[in-house]
Amino acid sequence: MSIDLKTIKHISKLSRISVDEKKAEKLAGDLNSIFEFIEKLNELKTDNVEPLTSVAETTLKLRSDKVESKNLREQVIKNSPKENEDYFVVPKVIE
Amino acid sequence: MSKNKSEYLINRHDNQYEVVIGLEVHAQVSSQSKLFSTSSTKFGAEPNTQVSLVDAAFPGMLPVINEYCVKQAIKTGIGLKAKINKRSIFDRKNYFYADLPQGYQISQFKDPIVGEGKVILDMPDGQKEVGIERLHLEQDAGKSIHDLDPKNTFVDLNRSGVALMEIVSKPDLRSPDEVNAYIKKLRSIMRYLGTCDGNMQEGSLRADVNVSVRKKGSKDFGTRCEIKNVNSIKFMQMAIEYEANRQVDLIEDGQKIDQETRLFDTKKNETRSMRSKEDAHDYRYFPDPDLLPLEVSDDFIENLKSEIPELPDEKKKRFIEKFKLSPYEANILVSDIETSNYFENVIKKSDVKLATNWIIGELFAALNEKNLEITESPISAGNLSKLINLIKDGTISGKIAKTVFEQMMEGDKDPKKIVEEKGLKQESDPKALEALIDKVIDDNRDKATEYKSGKVKLFGFFVGQVMKVSGGKANPQLVNEILKKKL
Amino acid sequence: MSDITIQSLSLLVENIKSKKLSSSEVTKAFVDRSEKSKELNAYITEDYANALNKAKMFDEKPNLDLKLPGIPMAVKDLFCTKDLRTTAGSKILNNFVPTYESTVTQNIWNEGAILMGKLNCDEFAMGSSNETSFFGNVQNPIDKNLVPGGSSGGSSSAVAAQLTPITIGTDTGGSIRQPASFTGTVGLKPTYGSCSRYGIVAFASSLDQAGPMAQNVKDCALLQEVISTYDEKDSTSIDFKRNEYSKELTKNIKGKKIGIPKEYRVDGMPKEIEDLWKKGIEYAKDCGAEIIDISLPHTNYALPTYYIVAPAEASSNLARYDGVKYGFRAEGENLIDMYEKTRSEGFGAEVQRRIMIGTYVLSSGYYDAYYLKAQKVRKLIKNDFDDAYKKVDAILTPSTPSSAFKIGEKTNDPVSMYLNDIFTVPVNLAGLPGISIPAGHDARGYPLGLQIIGRAFDEQNILNIAYAMEEKINFKNNITDWWIK
Ligand SMILES: [Mg+2]
Ligand SMILES: [Zn+2]
């Protein structure tokens, strides 16, 4: 298989990373060599294997329903590249 | 024409179309803190004051699940007669949006906490069962505000991370009326359980509405469109009507329906395509590696089962069997937990039949007029019970009772006191009534003569006069008896 | 070299406790040496004035019961540190100042240590040579223009060059053990769930673990004892009985069964690595261990698996860097334009490459063929280890397939760069503890490391084996201070 420029454009769109023609070509080359190496997995038959998501052999711990976080507005928006007193501010979104 | 009254069909030329509707209801879990963080869920706070570092997705921040939200979801599942999955998985749904700080929503995709269940609707022509496909837990997003600034969108993350139950129905609904009944029933069940307050104004209950149409009789489903995030039953109904007709027009026109996400414009009363959602709807779901599988034991579920109150369907059955209510009356009284509690409090000490009539009739009308919920009723269940007993034991007539009721609506007063203070007690002393009646006959000699000569219709006139002279207090039954003798 | 900075952590702790040295003296020594070592580019952010100040405060009211009393320390810049810039080696977090502290670093400060600054690393820990850092290469103190390994390259360089007595790194596929091996230092990747991930900039959540990097095994054990705690703020933190690793440390490993996996003899492995491994086996035997040949049949599939799982998780973990809440933002005409420019200008090439790989393997139509497949192979890899541990107590392998390479040597060939982690990645996939100890030199005098892999939660055992072998190996790092003018 080979990853073409159209696919690169599609995944760059999904990843919200802009690519120009030159960058797309470089990425296509890199990804193709990486996937060539990844394809090695196809040698293995895995039909009856359970997928492993986490090696932690335990289950989710539950916390109690308590409000502990206080008003952190200042802390939370302090690092924001653009804000007013109350809100995070982003370029206008057109629905 | 349709066979039965509630069938909803769209006619075009010689074709009849049926509408197929499935709902994805987002119900906010009633809880103090968020699903994966310890910030408050309280409604109406100042923007961005209920946002923790987890909610705003700061680097290195991790989700830790709220046990109460898990319990609430399972309880709701039990209320929907659904299968509870002892093992469920949280997945990430990846997409970019200004009010989605993590760049993904934590949701449940392949293995939800609750599986198939059902909801029974009471429709005018009988009961209808609507299948529940699943219920899963997920995070709410924040809020984008587009109209405060011409060039910028403002983001408030207070809602970010609030626990939602997404309840997905099977495509079993066939009309706007059924959708209305379905939402109300879901809301009622969750309010009985205390798992969601159902407050649609505050956004606690919203739905994505999936609509498709097909020729009547067809077994295949048409292409569906999803109308996103509709937050009132009325809008859902309007959106369905508009969308179904739009789709029928396209088919009649020989055109194809695109499967897409649409938005209901409440001002224009129309749905339109949401192109912004289209280009990135490959959500790349995968199990959230920050969260392990959620496992609950049989004991955990059994404990929750023991906390489940009597639900509307069971309550209705009991009301009909035990109190001999009509299905119509029972339906109204069980529709929400507060009303049924009120009713059961009233009838603890008074007549069921009278109580039913007074609650469904006078009380509902009066509350409606003042725009009050039953929980805000100026008349307590205890005082309504007293009023009913005053009628039952003949202390006051039904008519006087209405006057007393009106006074009670002005502030919760003991009806006995009102009757005493205003001297509204019914006159049931035969002697006193005879004197009154004699006087009325005397004052209306000519009419009495006419009556005797056969104009029996005049009897009503005399009853009226006696009641008027007594200021409405005369016992109407006795007045009838005595008048008959005297005339 | 100052006679203070050559001291091991354990010795410094002893000298401070016995009041032979003050925290201020120690801190000043490491600060001075760090100041003179700018050419190594080990630091991203220095906090020397604060460190000296804290040392002074410590000396005024010393608490000598603590495990790290007044010990100065620099940490990898992937740990969020309250009020001190945390960049993860990326332009996108260039100006990010956390208002919170990671659990692991908090544990360290709670035991009396003092923060000197933040150490360079590959951007978002994605790299094996520290060359992907927005803040530039790090020099390996072994030789000029030699990479220190990665991603914890600033950390390995700083420990080897004695700019910090000890440090912490993070290891997702080898990022502690490989740089330790390249710099002649000791690095431990603990069992997954042993150290809290709270407050660590995430790369691949199911693989990331923080761990100690030190000049010797004992120091490593002491720091592991401090940083490994159960943490309710991390749902994958595991509540198990933790040893007092430094106290329980022993060189008695008689009768321990050590497995030698035949699949680690990979094609094209330099003879000197093969020889090192053989030497290691002899050392282990000398220590009284029993050597057993074992098989880990899916070893060759670990790297391809890793390069699906890690980028997939990373593509999602890095979605939060979008220019909205913190960090770098590029101006854009609308929201999407802003996102695309911010992420394109804010992330470096390797990070973008991995986000693209991850996005691709999760995207519709490819999930089953790649992501699901990788999870299944991950299960097979874990099964291999489970089977092996029925027969042995630990596994001995080389840490890396080669010694350190030159800066720029592999930057244009991502696959050859990825092959660096061939021996370390399986350990992350299986969630096991692994330690790299320096064990010899190649022909050019560059250090080479051996890796000891343990059962889950059996850190004590591999620390003991490492401790015993360390004595036999008696490794000496050849560092000439060439960068100090
Ligand atoms: Mg939906
Ligand atoms: Zn949803």
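The values are calculated or read from the model by the stated rules, or taken from the named source; none is laboratory data. Bear in mind the structure is a predicted one, so any value in this text is a computation, not a measurement. Every residue, glycine as well, gets a Cβ built from its backbone with ideal geometry; the counts of neighbours run over all protein chains shown. Side chains included, ligands, DNA and RNA excluded: accessible areas come from the protein's heavy atoms. Shrake-Rupley method; radii C 1.70, N 1.55, O 1.52, S 1.80 Å.
Could you check how many residues of region B:117-176 are more than 16 Å from ligand 1 (Cβ to nearest atom), away from chain A (no Cβ under 14 Å) and hydroxyl-bearing (Ser, Thr, Tyr)? Working first, answer last.
In the first step, residues of region B:117-176 are kept if they are more than 16 Å from ligand 1 (Cβ to nearest atom); the result is B:117-131, B:142-163, B:172, B:174-176.
Still in the running and away from chain A (no Cβ under 14 Å): B:117-131, B:172, B:174-176.
Then keep just the ones that are hydroxyl-bearing (Ser, Thr, Tyr); that gives B:175.
Here the count works out to 1.
Before we move on, is A:SER15 at pLDDT 95 or above and either open to solvent by less than 60 Å² (accessible area, probe 1.4 Å) or facing chain C (nearest Cβ under 8 Å) (or both)? Spell out the reasoning first.
Values: at pLDDT 95 or above: yes; either open to solvent by less than 60 Å² (accessible area, probe 1.4 Å) or facing chain C (nearest Cβ under 8 Å) (or both): yes.
When the stated conditions are applied, A:SER15 passes them.
Matching residues to (1) aromatic (Phe, Trp, Tyr); (2) more than 9 Å from chain A (Cβ to nearest Cβ); (3) surrounded by fewer than 22 Cβ atoms within 10 Å (Cβ to Cβ):
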{"site": "B:GLN32", "(1), (2), (3)": "no, no, yes"}
{"site": "B:SER39", "(1), (2), (3)": "no, no, no"}
{"site": "B:GLY44", "(1), (2), (3)": "no, yes, yes"}
{"site": "B:THR49", "(1), (2), (3)": "no, no, yes"}
{"site": "B:VAL54", "(1), (2), (3)": "no, no, no"}
{"site": "B:VAL70", "(1), (2), (3)": "no, no, no"}
{"site": "B:ALA73", "(1), (2), (3)": "no, yes, no"}
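One residue is enough: does region C:183-192 have a residue meeting the conditions at negative phi, hydroxyl-bearing (Ser, Thr, Tyr) and either touching a Cys at 6+ places or on another chain (Cβ under 6 Å) or in a helix (DSSP H, G or I) (or both)? Reasoning before the result, please.
Looking only at region C:183-192, we keep the residues that are at negative phi, and these are C:183, C:185-192.
Now restrict to residues that are hydroxyl-bearing (Ser, Thr, Tyr): C:183, C:185, C:191-192.
Narrowing further to those that are either touching a Cys at 6+ places or on another chain (Cβ under 6 Å) or in a helix (DSSP H, G or I) (or both): C:183.
Yes, the conditions are met somewhere in region C:183-192.
With the condition kept exactly as written, say whether any residue in region B:38-54 is of a type in the set (S, T, N, Q), outside any loop (DSSP other than H, G, I, E, B) and farther than 19 Å from A:LYS61 by Cβ.
First, the residues of region B:38-54 that are of a type in the set (S, T, N, Q): B:38-41, B:48-50, B:52.
Of the ones still in play, those that are also outside any loop (DSSP other than H, G, I, E, B) are B:40.
If we keep only those that are farther than 19 Å from A:LYS61 by Cβ too, we end up with B:40.
Looking through region B:38-54, at least one residue is of a type in the set (S, T, N, Q), outside any loop (DSSP other than H, G, I, E, B) and farther than 19 Å from A:LYS61 by Cβ.
Any residue at all in region C:337-348 that's free of Cβ contacts under 8 Å to residues at least 40 places away in the same chain, within 12 Å of chain B (Cβ to nearest Cβ), open to solvent by less than 10 Å² (accessible area, probe 1.4 Å) and under 27 Å from A:TYR87 (Cα atoms)?
yes
With respect to C:GLY150, determine if the residue is crowded, with 24+ Cβ neighbours inside 10 Å and part of a loop (DSSP other than H, G, I, E, B).
Details: crowded, with 24+ Cβ neighbours inside 10 Å: yes; part of a loop (DSSP other than H, G, I, E, B): yes.
For C:GLY150, the condition - crowded, with 24+ Cβ neighbours inside 10 Å and part of a loop (DSSP other than H, G, I, E, B) - is met.
Return a yes/no flag: does region B:284-299 have any residue that is part of a helix (DSSP H, G or I) and open to solvent by 40 Å² or more (accessible area, probe 1.4 Å). Show your work before the answer.
Start the filter on region B:284-299 by keeping residues that are part of a helix (DSSP H, G or I), which leaves B:298-299.
So of that shortlist, the ones also open to solvent by 40 Å² or more (accessible area, probe 1.4 Å) come out as B:298-299.
Yes, region B:284-299 contains at least one residue that is part of a helix (DSSP H, G or I) and open to solvent by 40 Å² or more (accessible area, probe 1.4 Å).
Any residue at all in region B:246-262 that's under 21 Å from B:ASP172 (Cβ atoms), open to solvent by less than 60 Å² (accessible area, probe 1.4 Å), part of a strand (DSSP E or B) and within 16 Å of ligand 2 (Cβ to nearest atom)?
There is no residue in region B:246-262 that is under 21 Å from B:ASP172 (Cβ atoms), open to solvent by less than 60 Å² (accessible area, probe 1.4 Å), part of a strand (DSSP E or B) and within 16 Å of ligand 2 (Cβ to nearest atom).
Residues C:PRO426, C:PRO401, C:PRO433: which one is away from every other protein chain (no Cβ under 14 Å) and not acidic (Asp, Glu)?
Numbers: C:PRO426 fails: away from every other protein chain (no Cβ under 14 Å); C:PRO433 fails: away from every other protein chain (no Cβ under 14 Å).
None of the other options fit; the residue is C:PRO401.
Here is a list: C:ILE407, C:ILE357. Which entry is over 30 Å from A:HIS10 (Cα atoms) and under 24 Å from the mean Cα position of the chain (by Cα)?
Numbers: C:ILE357 fails: over 30 Å from A:HIS10 (Cα atoms).
Exactly one residue qualifies, and that residue is C:ILE407.
Take the residues in region A:59-85 that are of a type in the set (A, V, I, L, M, F, W, C), assigned to a loop (DSSP other than H, G, I, E, B) and out of contact with any Pro (no Cβ under 7 Å at 6 or more places or on another chain), then tell me which one is modelled with the lowest pLDDT.
Restricting attention to region A:59-85, the residues satisfying the condition of being of a type in the set (A, V, I, L, M, F, W, C) are A:60, A:62, A:67, A:72, A:76-77.
Those still in the list that are assigned to a loop (DSSP other than H, G, I, E, B) too: A:60, A:62, A:67, A:72.
Those still in the list that are out of contact with any Pro (no Cβ under 7 Å at 6 or more places or on another chain) too: A:62, A:67, A:72.
On the way: A:LEU62: 96, A:VAL67: 97, A:LEU72: 92.
Applying the filter and picking the extreme gives A:LEU72.
Evaluate the following for B:LEU137: is it in the same structural domain as B:ALA98 (by TED's automatic domain parsing), over 30 Å from C:GLU331 (Cα atoms) and touching a Cys at 6+ places or on another chain (Cβ under 7 Å)?
Numbers: in the same structural domain as B:ALA98 (by TED's automatic domain parsing): yes; over 30 Å from C:GLU331 (Cα atoms): yes; touching a Cys at 6+ places or on another chain (Cβ under 7 Å): yes.
For B:LEU137, the condition - in the same structural domain as B:ALA98 (by TED's automatic domain parsing), over 30 Å from C:GLU331 (Cα atoms) and touching a Cys at 6+ places or on another chain (Cβ under 7 Å) - is met.
Kindly check whether there is at least one residue in region A:1-10 that is more than 7 Å from every other protein chain (Cβ to nearest Cβ), hydroxyl-bearing (Ser, Thr, Tyr) and out of contact with any helix residue (DSSP H, G or I) (no Cβ under 7 Å at 6 or more places or on another chain).
Yes, region A:1-10 contains at least one residue that is more than 7 Å from every other protein chain (Cβ to nearest Cβ), hydroxyl-bearing (Ser, Thr, Tyr) and out of contact with any helix residue (DSSP H, G or I) (no Cβ under 7 Å at 6 or more places or on another chain).
Filter region A:47-83 down to the residues that are more than 21 Å from B:PRO59 (Cα to Cα) and acidic (Asp, Glu), then identify the one that is surrounded by the fewest Cβ atoms within 10 Å (Cβ to Cβ).
This residue is A:ASP47.
How about region C:46-67: which of its residues are outside any helix (DSSP H, G or I) and over 19 Å from C:THR164 (Cα atoms)?
Residues of region C:46-67 outside any helix (DSSP H, G or I): C:46-47, C:61-67.
Across region C:46-67, the qualifying residues are C:LYS61, C:PRO62, C:ASN63, C:LEU64, C:ASP65.
Among the residues in region A:33-46, are any within 23 Å of C:LEU335 (Cα to Cα) and either open to solvent by 10 Å² or more (accessible area, probe 1.4 Å) or more than 9 Å from chain C (Cβ to nearest Cβ) (or both)? Lay out the reasoning, then the answer.
Looking only at region A:33-46, we keep the residues that are within 23 Å of C:LEU335 (Cα to Cα), and these are none.
No; the residues of region A:33-46 include none that is within 23 Å of C:LEU335 (Cα to Cα) and either open to solvent by 10 Å² or more (accessible area, probe 1.4 Å) or more than 9 Å from chain C (Cβ to nearest Cβ) (or both).
Only one of these is closer than 30 Å to C:MET126 by Cα, of a type in the set (A, V, I, L, M), open to solvent by 10 Å² or more (accessible area, probe 1.4 Å) and within 14 Å of another protein chain (Cβ to nearest Cβ): C:VAL104, C:VAL97. Name it.
C:VAL97
Out of B:VAL230, B:VAL179, report the one residue that is farther than 30 Å from B:GLN102 by Cα and in the same structural domain as B:ASP122 (by TED's automatic domain parsing).
The match here is B:VAL179.
Where residues in region B:136-179 are without any contact (Cβ under 8 Å) to a residue 12 or more places away in the chain and assigned to a loop (DSSP other than H, G, I, E, B), which of them is most open to solvent (accessible area, probe 1.4 Å)?
Applying the filter and picking the extreme gives B:LYS151.
Among B:GLY198, B:GLY222, which is more than 16 Å from ligand 2 (Cβ to nearest atom), in contact (Cβ under 8 Å) with a residue 60 or more places away in the chain and under 20 Å from B:ALA163 (Cα atoms)?
Within the list B:GLY198, B:GLY222, the selection yields B:GLY198.
Tell me, yes or no, whether region B:29-37 has at least one residue that is more than 28 Å from B:ILE167 (Cβ to Cβ) and more than 29 Å from the chain's Cα centre (by Cα).
Of region B:29-37, the ones more than 28 Å from B:ILE167 (Cβ to Cβ) are none.
No; the residues of region B:29-37 include none that is more than 28 Å from B:ILE167 (Cβ to Cβ) and more than 29 Å from the chain's Cα centre (by Cα).
Filter region B:230-245 down to residues that are without any contact (Cβ under 8 Å) to a residue 40 or more places away in the chain and open to solvent by 60 Å² or more (accessible area, probe 1.4 Å) and give me whichever is nearest to ligand 1 (Cβ to nearest atom).
It comes out as B:ASN231.
Of all residues in region B:263-283 being closer than 30 Å to B:ARG12 by Cα and of a type in the set (Asp, Glu), which is least open to solvent (accessible area, probe 1.4 Å)?
Going through region B:263-283, the residues closer than 30 Å to B:ARG12 by Cα turn out to be B:263-275.
Remaining after also requiring of a type in the set (Asp, Glu): B:265, B:270.
Details: B:ASP265: 26, B:GLU270: 56 Å².
Per the criteria, the residue is B:ASP265.
Considering only residues that are among the β-branched types (Val, Ile, Thr) and open to solvent by less than 60 Å² (accessible area, probe 1.4 Å), which ones fall in region B:434-471? Reasoning before the result, please.
As a first pass, look at region B:434-471 and keep what is among the β-branched types (Val, Ile, Thr): B:437, B:440-441, B:449, B:456, B:463, B:466, B:469.
Residues satisfying the conditions are B:ILE437, B:VAL440, B:ILE441, B:VAL463, B:VAL466.
How many residues does region B:191-214 contain that are within 18 Å of B:ASN158 (Cα to Cα) and within 16 Å of ligand 1 (Cβ to nearest atom)?
Summing the residues that are within 18 Å of B:ASN158 (Cα to Cα) and within 16 Å of ligand 1 (Cβ to nearest atom) in region B:191-214 gives 3.
Hey, can you tell me all the residues within region B:284-309 that are acidic (Asp, Glu), touching a residue at least 24 places away in the same chain (Cβ under 8 Å) and out of contact with any Ser or Thr (no Cβ under 7 Å at 6 or more places or on another chain)?
B:ASP288, B:ASP298, B:GLU307
Within region B:28-49, identify whether any single residue is modelled with pLDDT of 95 or more, within 16 Å of ligand 1 (Cβ to nearest atom) and at negative phi, and answer yes or no.
yes
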